[in-house]
1. Looking at the stretch 43-63, is at least one residue among the β-branched types (Val, Ile, Thr), free of Cβ contacts under 8 Å to residues at least 24 places away in the same chain and surrounded by 10 or more Cβ atoms within 10 Å (Cβ to Cβ)?
2. Residues being over 20 Å from residue 53 (Cβ atoms), under 19 Å from the mean Cα position of the chain (by Cα) and not charged (D, E, K, R): count how many of those fall in the stretch 90-114.
3. Within the stretch 58-72, count every residue that is in a loop (DSSP other than H, G, I, E, B) and closer than 20 Å to residue 114 by Cβ.
4. For the stretch 24-77, how many residues are of a type in the set (S, T, N, Q) and modelled with pLDDT under 85?
Amino acid sequence: MLRALLVAGAAIAVTAVPMSAQTPPEIPVDPELPVREGFDVERAYLGRAPLFTPLRDPEWVPLRRARTAGAVSDDTPMLVFEAGGETLSLVTAHMSYHHVAQGEMAGEPWMVTF
């Protein structure tokens, strides 16, 4: 039996944070760094930390329960994929924040990017 599942508890709190606090400091470019001809190293952003937090090993709930709870509706955009013999789905709006989700289902590792 296929079950559709989705991320539970992945609500995103949006707060007003100054852009300077959101952007990690850049790593200075090593002048001895070998670069391919034509590559402008001054255009590369080499940050100390990722800008987005990947969604790792999310908690899954049956789609029916999520719909009953009002977490999703019939027109909620979702990314749907299969892993470990299960059909899984992630809310597109959550993936717009995380950009990467990864985990394991029935012993099978999976990764989704958006």
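The values are calculated or read from the model by the stated rules, or taken from the named source; none is laboratory data. Values in this document were obtained by computation on a predicted structure and should not be read as measured data. A quick note on method: Cβ atoms are made from the backbone with ideal geometry, for glycine too, and the neighbour counts reach across all protein chains shown.
1. No, the stretch 43-63 contains no residue that is among the β-branched types (Val, Ile, Thr), free of Cβ contacts under 8 Å to residues at least 24 places away in the same chain and surrounded by 10 or more Cβ atoms within 10 Å (Cβ to Cβ).
2. Result for the stretch 90-114: 1.
3. 4
4. 1
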